[in-house]
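These notes are about the structure you will find just below.
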Amino acid sequence: MQRHGARRIGSQIEVGVKRSHSFCAVASLSAHELNKDDQIFCHLLEACKFSSDIRTATETHTRIIRFGYGTHPSLVASLISAYSHCDRLNDAYKVVDQVFSWSVNLVALNKTLHSFIKSRDSELARKVFDKMPDRDVVTWNSMIGGYADNGRFQEALSLFKLMLSSNVVPNKFTFASVMPVCAKLGSLPLAKWLHQLMIDKRIEVNYILIAAMIDMYSKCGGIEAAKTIFERVQRDDVSVWNSMINGLAIHGFARDAIAVFSKMDFEGITPDAITFLGLMSACSRSGLVKEGRHYFNLMKHRYLIEPQHEHYGALVDLLGRAGLLEEAYAVIASMPIEPDVIIWRVYLSACRTHKNPGMSEVAIANISRLRSGDYVLLSNTYCSQQQWDSAQRVREMMKKHGVSKKKGISWLEWGGRFHHFRSGDRSHPETEAIFEVLGGLLERAKGEGFVPKKELVMMDVSEEEKEENLCHHSEKLALAYGILKTGPGTEIRISKNLRICDDCHNWFILVSRMLNRVILVRDRIRFHRFEDGLCSCGNYW
């Protein structure tokens with residue numbers, strides 16, 4: 001009967017091919033797939049999503065019911081998703097409501113939920129989740145993991161806290177999803193809370209959780225806690241070592257990362273491709289060019305690990321940061337694999353740092369789809385050499401292509417929640433007090449001889465407006481808020497989605513000395529610890 005049904009559906013597809021691009025997408029299904037009706041329907045609905053073919057979607061819906069697959073979890077999820085992508089939300093929600101009118105068990109509902117999460121339909125997944133009469137730990141883990149994978153970290157954290165207030169006890173898989181969320185948010189208090197919660201819930205740790213915990217503490221600024229955990233746990237899996245090496249790398253502790261690698265070799269743990277990527281990144285951030293070259297060659301010749309794009313990118317970054325632009329370009333030119341856009345962007349960034357417009361143009365020519373950051377780097381390179389006409393042409397290109405400079409966002413945790421700031425942001429409830437504190441710091445810095453780097457402002461405005469733009473960068477606003485809310489001697493921790501600019505970096509150095517405060521900034525690249533008028537990066541980042 002099922003084979004007969006499959007033949008019928010197959011013939012329907014052949015007819016449909018003549019009138020529907022969606023059916024064309026499944027016309028080449030194999031004989032094995034044609035023996036599985038549900039797979040055919042899934043392919044049809046997936047094609048409908050991308051072509052917005054509502055007619056085929058509704059016809060497929062009818063066939064699903066006719067052939068008795070109306071309660072099949074993955075098909076139901078695909079059908080709802082197809083309606084959603086065709087802008088038929090009412091139909092999508094009707095199917096969601098129908099799901100709960102059936103006597104569907106929790107396992108089936110969890111499968112439906114998981115199907116949404118796999119297809120990154122978070123909104124529909126949450127609608128199903130909210131309507132579920134019962135939820136087990138699998139339900140909660142799926143939803144929390146889905147939010148985390150989609151970059152919706154605040155929602156993942158809120159859902160985890162809601163889970164704790166329910167009668168469902170989190171397990172090791174729950175924490176494996178939540179700890180990376182904490183790492184992304186960069187909250188050390190949250191990291192400590194999660195760690196204690198694992199102890200209280202008596203969660204049995206494995207190498208996956210240990211590696212995640214080391215990574216979490218490292219990315220939240222608690223590198224000493226990460227090192228303590230590393231020294232106390234069983235370290236028989238390479239992922240634990242990799243987490244420690246990468247954690248030290250983002251803090252700029254290259255020598256410590258190398259020492260961990262030596263210990264790893266002594267204990268007989270075989271490194272992998274991720275190990276060497278961490279080592280090369282550590283060397284790159286600390287200017288250890290000789291050592292970085294050594295580990296690249298060691299990976300190839302001793303451990304016979306074939307370098308991938310990430311490793312070549314790390315080598316180009318290592319050489320580019322050190323000003324060896326010709327050598328970095330030679331590496332790109334001699335790569336046995338085609339260099340990807342990330343490698344060219346790494347090279348473009350190095351050209352900006354070392355003020356080389358000519359090589360910047362070479363990098364730009366090899367980036368097929370330019371993003372706002374590419375334009376900004378090129379323009380800033382021209383400005384650094386006072387090539388104003390060229391910089392103006394870049395700005396005109398951005399306007400022509402409708403490209404705007406990516407907004408920087410900085411945040412810090414205070415009072416149990418995260419406070420976000422954008423450049424020139426006046427939306428915070430305490431804006432007046434924040435700007436008052438910032439204004440006082442700016443005046444005091446000027447008195448100390450601080451001069452804003454106005455060439456970084458990629459705008460055709462007056463010098464006064466350029467200075468005002470620099471004064472209100474997101475990290476400066478975040479720091480002002482941190483000073484407003486904390487007492488003398490308290491360490492201030494700030495996270496930023498982009499790389500900290502030269503002007504803010506220099507200003508933070510001065511503020512740390514003026515106020516005798518420790519300021520920890522985690523930008524897109526690494527940590528900067530400002531203390532006593534110095535930065536842990538040594539102005540090399």
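The values are calculated or read from the model by the stated rules, or taken from the named source; none is laboratory data. Remember, predicted model here, so these are calculated numbers, not experimental data. In this analysis, Cβ positions are derived from the backbone assuming ideal geometry, glycine residues included, and neighbour counts consider all displayed protein chains. Note: accessible area is taken over every heavy atom of the protein model, side chains too, but ligands, DNA and RNA are not part of it. Shrake-Rupley method; radii C 1.70, N 1.55, O 1.52, S 1.80 Å.
Tabulated data for the structure shown
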{"quantity": "Segment 382-541, relative contact order in percent, only Cα pairs under 8 angstrom and at least six apart counted", "calculated": "21"}
{"quantity": "Amide H contacts under 5 Å for residue 414, placed H, 5+ residues apart", "calculated": "419"}
{"quantity": "Lys, Arg +1 and Asp, Glu -1 on Cβ, resulting dipole of segment 226-301 about Cα centre, debye, nearest 20", "calculated": "300"}
{"quantity": "Segment 155-270: relative contact order as a whole-number percent, Cα under 8 Å and 6+ apart", "calculated": "21"}
{"quantity": "Total charge dipole magnitude, the chain, about the Cα centre, Cβ charges on Lys, Arg, Asp, Glu only, Debye to nearest 20", "calculated": "900"}
{"quantity": "Å² of accessible area per residue within the chain, as computed with a 1.4 Å probe and no ligands counted", "calculated": "48"}
{"quantity": "Whole-Å distance, taken between Cα centres, linking segment 508-529 and segment 307-351", "calculated": "29"}
{"quantity": "Of 219/446; 111/407; 172/485; 131/407; 161/485, pairs whose Cα-Cα distance is over 30 Å", "calculated": "219/446; 111/407; 172/485; 131/407"}
{"quantity": "Theoretical ellipticity at 222 nm over the chain - DSSP helices of four or more residues, -39500 (n - 2.57) apiece, nearest 500", "calculated": "-20000 deg cm²/dmol"}
{"quantity": "Alpha carbon centroid spacing (whole Å) that separates segment 192-222 from segment 365-391", "calculated": "42"}
{"quantity": "Whole-percent carbon and sulfur share, accessible surface of the chain, 1.4 Å", "calculated": "51"}
{"quantity": "255, 513, reordered so the largest accessible area comes first (probe 1.4 Å)", "calculated": "255, 513"}
{"quantity": "Three-way shape call for segment 192-247 based on the alpha-carbon gyration tensor, with the a/c threshold at 1.5", "calculated": "oblate"}
{"quantity": "0 to 90° range, to nearest 10: angle between helix 137-149 axis and the chain longest Cα axis", "calculated": "50"}
{"quantity": "Rounded if a/c under 1.5, otherwise prolate or oblate - segment 224-284, Cα gyration tensor axes", "calculated": "oblate"}
{"quantity": "Crossing angle, helix 474-485 versus the chain [Cα axis fit, 0-90 degrees, rounded to tens]", "calculated": "80"}
{"quantity": "Degrees, to the nearest 10: 341-353 long Cα axis against longest axis of the chain", "calculated": "20"}
